[in-house]
Structures are given as structure tokens and as C-alpha cells.
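Below is one structure; the comments refer to it alone.
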Amino acid sequence: MKLQCSNGEISREGSPERWRVRQTETRRLKGRKLMKSFLRKLHIPVTARDWHSLVGMVFLLVLLFLFVTGTLSVFGREIDWLFTPEQRVAVQAEGKQSFGAIYDAVSASHPGARSLSILRLPGARFADQVTIQDTTRGKLIVYVDPYRALVQGDAPFNNLWRTLRELHRGLSSERRPVQILITFMTIPLAAMLITSLMLYPKFYRGFFRLPKRGARLRAQLSDLHRFIGAWSMVFIIVVVLTSAEFMIESVGLGPNYYPFYAEPAKDTEPPLPEGFSGADLDRSVALAVEKYPGLMVSDIVLPSRNGEALAIRGDLTAKLVRPSANSVIFDPATLELRGAYRAETSGIHLWFFEAMRVIHYGSFAGLTSRLLWLVLGLGLSVLAAAGALIYAERLIFMSKRGDKYQRRTRFGHIWFGMGPGKWIGLASLVAAMWWTIQ
């Protein structure tokens, strides 16, 4: 016999067993509704949507700051190149000169300074960057034309690229606790990802659902948020996983990357022997290529203290690793081999952590992946801003329908909705500005 229900009351028609089951379910639903209502009056999140809004608003400023700085860091070298004329060079048919010629050019232009590293970027129009320690001006970057081995100028060590990277990495602070706290922003980002998947499990269906034209602002913002979120979902998963790698390393649970092959320091000897020249550097590069045929040298690290080694680093055959994963280490005085390692023999555990870093940087497929990371990173920034506007529009709509919510402007609702997170975010931004200036 069919059960009849009206006005929330359950008819006693039908079997007694079925009636008791339906009555129990109704009481359970009413209990859940009362509990949700009670928790919401106490401003305690109940549903996935509540948690999504709470976490997003509390960490809005910090996450938005990290999204923007991280996105700009993907093309940080190019941005620095645009604003630093000394970095630009004209391509010459004869090709780039040796690292030894670059070393000699810097030694001649900055006598008395100690060279610390030489970096050759893959772009044809980038100057080589030689980091030096000057006796009067401190640490500098010297820009050298790699085609003519001519010094084009120098700049402070903390250039625009490094500033963007350090802002994203730890608010430009060298304090380890600050850097650890920034890596722990992975947790709220992961919470946002989980609640997004709970609210929108079949997100792939929204790939081609464009925002409706002519709809109200709140509807358009919701459509835009859903559309960008659908396309960004996989990217957010990648960002969360790769950021977790930095968080793991920050608390000391990461791998021991590579040995330094340093020897006990001798106070009477300089880091580099007297008379060390570009010819010695070219010889060490040739020995490194002989050790690992096919090594494309891009980075040379010179000893800065007594006992430290000379490291020749570059790319080999392994994918998803940094140049530091392939290194040949020499004694700077005798050029005798102290050690060598390559990514292929470092083990799967170390390769995994290297891959996480390369994927996070977006450099795993050259310019193509970096452009993709740029677009997706900008999308994340817009996604966060749109989410805050949706929150404000919802409260404006609800305040017009009753007195439960105070009438405020959009910015007022966003400011109030961030709760204590706004002060944490503002303090972080002020601290980042201060540490950058310092």
C-alpha cells in the first residue's frame, strides 16, 4: 500500500515496519537541520561550501600574494631582462665564448673581487651572469656578453628575478621559521582543493560552459569562478603536490641532495690558488665533459671558502632534474677529481624530489610549459579574486532580504569576511616589503 505524505507528516497507511522506518528517517533529517542551524548561528562551518568560503576568505590575501608572485617568477628571468639593459646582448655568428674567457673578463674588470659562480642561461640574448664578492660593494652580479667576453655592467645581487623568487619563497626573509610558515600554506590550499572536488566532483563537464551573458553580476561571477576552476583543477592538484614537497623539506624530512666534497679548511690558503685563470677553468670544463660525455655545462660554482671544491654542472640525459643533479667536482688547486654524480644514478627517491621542484617551477617542457604555467597561474589569481567577490555579492543579496546581515559595500563584506586573516595577510605584506627593502 502506497505511503501518503503531506506537510511533513507521514501517513500511517502501509505496513507498520515501513512507517516506522520513514518516521525514523524524518526525525533524523530534522535533527540534522536543527544541528546545522545551531552550528551556523555559532559561525561554525557545516558543509563543504561553508568550509570552502571560510578557508578561502581567511587566507585570501596570503594565497593571492603567493599566486601572483609565483606566476611572475615563472618568467622572472625575462622580466629582469626587460628592466636591466646590461643583460641584453646581440647574437653573433661565431657563437658564445668559453667560460674561461668570461672568468678572465670579470677578473680584469673587477680586480680584487672574488668570483663565486658563473651562470649561462639558455636564451641566445641573455648575458652570462657572474656572481662576485667585491671588497667594498659586497655581493654583485656582473653581466658579460658571452659572444665577445665583454663586461656590460653590474647590479646588486638581489636583482628583480631574485626578489620575485624570494618574495614567493619566504616573503624575502632569510629567517627559516618564516619560510617554513609559507610552505605550510599548502594546507589551506589543499583544503580548498578538497572542498572544490566535493562541491564540483564532475568538474570536467564545465570545460566549455562559458559564463552567461546578460545575467546578474553574482551569476556571472559564479559562472566565471566555476569555468576557471574547472580548467584549473588539475593545475591546483599539481601545485598542492609539488608544494607539499617544499613543506616536507622545510621540516627536515627531505632527502640529502648532493655531497659537497669539501676538505678541511686551511687558513693560510685562499679559496682559489694564486694564478688561477680562465685557462684553468676551461681545462676543468673539458675534464667534466670527458667524465660525462654530452654534458651541457650551464653553471659553474667556484669555491668561496678554503677547502671547498670547484663544481661544473649542467644538463645530461635525465628529464625533470635541475643542472645541479649532474655535477663534476674538482680540487681547485690541482684540478684532481674529487667526485661526480649524475641524475640517472642518484636513485628514484632523489629524482622524485628533483622532479617535484622542476614541475613546480614549470620548466619541465621549456617555453611551452612555462607559458602554460603563466596562464594557469594568472587564472588562479583571478579565481581567488572572483571567489571573494562572490562572497560579497551573496551577503549583499542576503542583507537586502532581511536584517540577519549588516549592509556593507562589496569591499566591506570582503574585509569583514576575511576575519583575523586580514591582519595576518596585511602583516605578511608589510613584512615582505620591509625585508625586500632591507
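The values are calculated or read from the model by the stated rules, or taken from the named source; none is laboratory data. Every value quoted in this text rests on a predicted model; they were computed, and no experiment measured them. Cβ coordinates were reconstructed from backbone atoms using ideal geometry, including for glycine residues, and neighbour counts include every protein chain displayed. Quick note on the areas: whole protein, heavy atoms, side chains included, nothing else; ligands and nucleic acids left out. Shrake-Rupley method; radii C 1.70, N 1.55, O 1.52, S 1.80 Å.
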* Within the stretch 280-317, restricting attention to residues that are among the hydroxyl-bearing types (Ser, Thr, Tyr) and touching a strand residue (DSSP E or B) at 6+ places or on another chain (Cβ under 6 Å), which residue is least open to solvent (accessible area, probe 1.4 Å)? -> 284
* In the stretch 229-270, how many residues are in contact (Cβ under 8 Å) with a residue 40 or more places away in the chain, in a helix (DSSP H, G or I) and open to solvent by 30 Å² or more (accessible area, probe 1.4 Å)? -> 7
* To do: Evaluate the following for residue 313: is it modelled with pLDDT of 95 or more and in a helix (DSSP H, G or I)?
  => no
* To do: Please specify each residue of the stretch 112-128 satisfying the condition of being closer than 15 Å to residue 84 by Cα, in contact with a strand residue (DSSP E or B) (Cβ under 7 Å, 6 or more places away or on another chain) and assigned to a strand (DSSP E or B).
  => 128
* Structure fact -> Restricting the stretch 369-421 to residues that are modelled with pLDDT of 90 or more and hydroxyl-bearing (Ser, Thr, Tyr), the one farthest from residue 218 (Cα to Cα) turns out to be 369
* Out of the residues in the stretch 318-364 that are within 25 Å of the chain's Cα centre (by Cα), small (Gly, Ala, Ser) and in a loop (DSSP other than H, G, I, E, B), state the one that is surrounded by the fewest Cβ atoms within 10 Å (Cβ to Cβ). => 347
* **Filter result for residue 112 (on the phi > 0 side of the Ramachandran plot and open to solvent by 40 Å² or more (accessible area, probe 1.4 Å))** => yes
* Asked: Name the pairs whose Cβ atoms lie under 9 Å apart, with the first residue in the stretch 146-166 and within 11 Å of residue 130 (Cβ to Cβ), the second in a strand (DSSP E or B) and at pLDDT below 95, and 6 or more positions between them or separate chains?
  -> 154/134
* **Checklist (1) closer than 30 Å to residue 281 by Cβ; (2) of a type in the set (Val, Ile, Thr); (3) without any contact (Cβ under 8 Å) to a residue 12 or more places away in the chain applied to residue 430, failing item** => (1)
* Structure fact -> Within the stretch 60-96, residues being buried (at least 20 other Cβ atoms within 10 Å of the Cβ) and of a type in the set (S, T, N, Q) number 4
* Structure fact -> Exactly one of 219, 215 is free of Cβ contacts under 8 Å to residues at least 40 places away in the same chain, open to solvent by less than 50 Å² (accessible area, probe 1.4 Å), part of a loop (DSSP other than H, G, I, E, B) and out of contact with any Ser or Thr (no Cβ under 8 Å at 6 or more places or on another chain), and that one is 215
